[in-house]
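The values are calculated or read from the model by the stated rules, or taken from the named source; none is laboratory data. It should be emphasised that the depicted structure is a prediction, and the values quoted were computed from it without experimental measurement. With ideal geometry, Cβ positions are generated from the backbone for all residues, glycine too; neighbour counts draw on all protein chains shown.
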Amino acid sequence: MTIPNHKNKKIVNAMLSCRGFYRQCFMVFVMAIMMSTSWVCLADQKVNSDELKAVYLFNFSAFVEWPQSSFSHKNQSFKYCIFGNSNIVYYLNDIVKNEVVNNREIQVIDGFTYNKIKSCQILFVDASAEDKVINTLKLLKENSTLLVGESLDFLDRGGMINLNHDYKRIEIEINLANARKGNLRISSKLLRLAKLKQ
């Protein structure tokens, strides 16, 4: 079953309008989508796809559990690393203002070097930049970094979550085996929303 476009637009716009309450809004959004489809419609392109991706990235932290070993000390910030899309950096910085993840301050890092991203909890790689970092992704495959991308073969190349685009829609795809190799536990709530890939 597919949600009619006007309902998709209403759900997504309501989520994006909840400044400071993204997690609460996302939970409502998740429940609405779970009752219908794993597809998120971009509502005739009136929803900014980069902002929607930033909302997803922020809320993934509420549905994934990292081992304590992924943090060098108890006061280390929770780090998002973004490579290849400065627009997402802008939106994500706006979203995380005054927010925390498990009582940790949030840091958004723009750009890519191995030393910079090996301590990140979430790494997003834009499709245009994936080929540049594929060897590094292989090194991170068993690291406790949630690897998020948006290309058709991202999960086959070691990725854990893929935001698959199809015309005006985004679908969440998850490779659970890759996530487990990184000692990451993904909530069943998110798994029910996603399409699972082997």
Exercise for review: Scan region 108-159 residue by residue and report those that are buried (at least 20 other Cβ atoms within 10 Å of the Cβ), part of a loop (DSSP other than H, G, I, E, B) and among the aromatic types (F, W, Y).
Suggested key: F154
Check your understanding: Mind checking which pairs have a first residue in region 99-116 that is touching a residue at least 24 places away in the same chain (Cβ under 8 Å) and closer than 20 Å to K138 by Cβ and a second that is outside any strand (DSSP E or B) and among the basic types (K, R), Cβ under 9 Å, 6 or more apart or different chains?
Key -> F112/K132
Review point. Which ones in region 160-198 are in contact with a Leu (Cβ under 9 Å, 6 or more places away or on another chain) and either in a helix (DSSP H, G or I) or of a type in the set (D, E) (or both)?
Key: E171, E173, L176, N178, A179, L191
Exercise for review: Identify the single condition in (1) assigned to a helix (DSSP H, G or I); (2) surrounded by 19 or more Cβ atoms within 10 Å (Cβ to Cβ); (3) at pLDDT 90 or above that D94 does not satisfy, given that it satisfies every other one.
Suggested key: (2)
Study note, to complete from the structure: Note on V89: of the conditions (1) modelled with pLDDT under 50; (2) assigned to a helix (DSSP H, G or I), unmet is (1)
Point to revise | Among (1) modelled with pLDDT of 90 or more; (2) under 17 Å from the mean Cα position of the chain (by Cα) - the single one Q76 does not satisfy | key: (2)
**Study point:** The one condition in (1) of a type in the set (G, A, S); (2) in contact with a strand residue (DSSP E or B) (Cβ under 9 Å, 6 or more places away or on another chain); (3) farther than 18 Å from Q68 by Cβ that S188 fails to fulfil
**Key:** (2)
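Can you tell me which residues in region 165-195 are among the aliphatic types (A, V, I, L, M) and farther than 19 Å from N59 by Cβ?
Listed by number, the list holds a single entry, A177.
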Check your understanding: How many residues are surrounded by fewer than 19 Cβ atoms within 10 Å (Cβ to Cβ) and over 17 Å from Q121 (Cβ atoms) if we restrict to region 160-193?
Key -> 12
Check your understanding: Given the structure, is V55 in a loop (DSSP other than H, G, I, E, B), surrounded by 18 or more Cβ atoms within 10 Å (Cβ to Cβ), modelled with pLDDT of 50 or more and out of contact with any Ser or Thr (no Cβ under 7 Å at 6 or more places or on another chain)?
Key -> no
